[in-house]
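Peer 1: This is the structure I want to talk about, given as structure tokens.
The values are calculated or read from the model by the stated rules, or taken from the named source; none is laboratory data. What you see is a predicted model, and the numbers here were worked out from it, not measured in a lab. Heads up, the Cβs are rebuilt from the backbone with ideal geometry, glycines too, and the neighbour counts pull from every protein chain shown.
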Amino acid sequence: MGWFFDEGINVWLQNAIPWMEWPFKILTYFGDSIIYIVLLAVAFWVYKKKDAIIAIYVLLTASFLNFFLKIIIKKPRPTISDDMVKATGFSTPSGHAQTSTTMYGWIMFYFKKIWLYVVIPILVLLICISRVFLGVHFIGDVILGFFIGAAVLAALYFGIPPLVEWMDKWPTWVKIVVGEGYGLTVFLITFLTGLFTNWPPEDATNSAETVAALMIFPLIIWVEDRYIKMDNENLRGSSITLRIVVGLASVIGFYFGFDLLFELFETTNYALDYLYDFIQYLIVLSVIGLLMPLLFSKVKIFSMKNEQFQEKSEVAVA
């Protein structure tokens, strides 16, 4: 099994298909968190909100599990990764391989379209290969990541429907308490433990993104559902397009804007790094879950209905 964590495979792949460097640099970003944020934000704004929320928790669970496995295994990355793309923290299992397998697999099984059964496996395979080619993971990292991601996908795919059906019977306050308890548990496991260990700051603070989402999202869901009530049903194509364009421009602006801002306060202090990431994701998620829905609900051009649907609604009221 020496080949499992052998840098020779990375070098061989780079020498065998050197012309794939730029395609792989592009493909590898399809496994980045910002891509999942974009996809799930769009789903929340223009599709079924409840299903988008479930998919968000699928992502959070996959992300936390990957982080937790990395800090247990504590295997350094290959030493040839510096010149290809930026990658920090521990190596095993590959987060791109694990999370892309779970998330894109979830999308594939949710929509059940023939073309997705072809495109998704190819995309996940290319993401996995890109991590090895670019020198940021061993071949063993992506193999383990793929199989762990597939196991998580299977567990969530079969486990979430009965769990959601059971939770639908809970009072709202219980859902919020459980959601906050989940976030607090992850916080205690990561932040407080990280203060007394030698985890790389890059890996330890990665958990801040997940913790921020777990802590704020139950409240976002409750506030949006109770006070904003964004309506996604039978929207005109023009309103859908406007929601996507304006929403993504805002989210990407906030996301990268805070990246640039916090670079001005760059520090090696674990607690401060964690706090910066935590604040960044609190704000980005609030923009996705509250600010954009409020805008879409209050400004008419974002909520115009198809004429046929509007006529049926008027007849029903009459």
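Peer 1: List the number of the failed condition for Ile37; all other conditions in (1) surrounded by 18 or more Cβ atoms within 10 Å (Cβ to Cβ); (2) modelled with pLDDT of 85 or more; (3) not charged (D, E, K, R) hold.
Peer 2: (2)
Peer 1: State whether one or more residues within segment 29-42 are free of Cβ contacts under 8 Å to residues at least 12 places away in the same chain and more than 13 Å from the chain's Cα centre (by Cα).
Peer 2: No, every residue in segment 29-42 fails to be free of Cβ contacts under 8 Å to residues at least 12 places away in the same chain and more than 13 Å from the chain's Cα centre (by Cα).
Peer 1: Follow-up question, since we're still on this one. Determine, yes or no, whether Tyr274 is under 20 Å from Val186 (Cβ atoms), in contact (Cβ under 8 Å) with a residue 60 or more places away in the chain and touching an Asp or Glu at 6+ places or on another chain (Cβ under 7 Å).
Peer 2: no
Peer 1: Another question, then. If you take just the helices (runs of 4 or more DSSP H) that sit entirely in segment 201-318, which of them hold at least 2 residues that are at pLDDT 90 or above and under 22 Å from the mean Cα position of the chain (by Cα)?
Peer 2: 237-263, 292-298
Peer 1: Something else now. Going through segment 140-186 one residue at a time, which ones are assigned to a helix (DSSP H, G or I) and of a type in the set (Asp, Glu)?
Peer 2: Answer for segment 140-186, where residues must be assigned to a helix (DSSP H, G or I) and of a type in the set (Asp, Glu): Asp141, Glu165, Glu180.
Peer 1: Regarding Val42, is this residue among the β-branched types (Val, Ile, Thr) and within 27 Å of Ala151 (Cα to Cα)?
Peer 2: Yes; evaluated as a whole, the condition is true for this residue.
Peer 1: Would you call Thr193 loosely packed, with under 13 Cβ neighbours inside 10 Å and either at pLDDT below 85 or of a type in the set (Asp, Glu) (or both)?
Peer 2: In short, no.
Peer 1: While we're looking at this one, here's another question. Pairs only if they're at least six apart or on different chains, beta carbon under 8 angstrom, first in segment 225-241 and over 10 Å from Lys49 (Cβ atoms) and not assigned by TED's automatic domain parsing to the domain that holds Lys50, second of a type outside the set (A, V, I, L, M, F, W, C) and surrounded by fewer than 15 Cβ atoms within 10 Å (Cβ to Cβ); list them, first residue then second.
Peer 2: Asn234/Asn306; Leu235/Asn306; Arg236/Asn306
Peer 1: Among all residue pairs at least 6 apart or on different chains, which show Cβ distances below 9 Å where the first residue, located in segment 9-26, is over 18 Å from Ile127 (Cβ atoms) and the second is small (Gly, Ala, Ser) and not in a helix (DSSP H, G or I)?
Peer 2: Listed pairs, sorted by first residue: Val11/Gly135.
Peer 1: Can you tell me which residues in segment 146-161 are more than 25 Å from Thr92 (Cβ to Cβ) and surrounded by fewer than 14 Cβ atoms within 10 Å (Cβ to Cβ)?
Peer 2: Listed by number, the residues that qualify are Phe158, Gly159, Pro161.
Peer 1: While we're looking at this one, here's another question. Please specify each residue of segment 126-136 satisfying the condition of being closer than 20 Å to Tyr104 by Cα and either surrounded by fewer than 24 Cβ atoms within 10 Å (Cβ to Cβ) or in contact with a Lys or Arg (Cβ under 8 Å, 6 or more places away or on another chain) (or both).
Peer 2: Leu126, Ile129, Ser130
Peer 1: On to the next question. Do we have any residue at all in segment 14-23 that's surrounded by 15 or more Cβ atoms within 10 Å (Cβ to Cβ), closer than 13 Å to Val132 by Cα and at pLDDT below 80?
Peer 2: no
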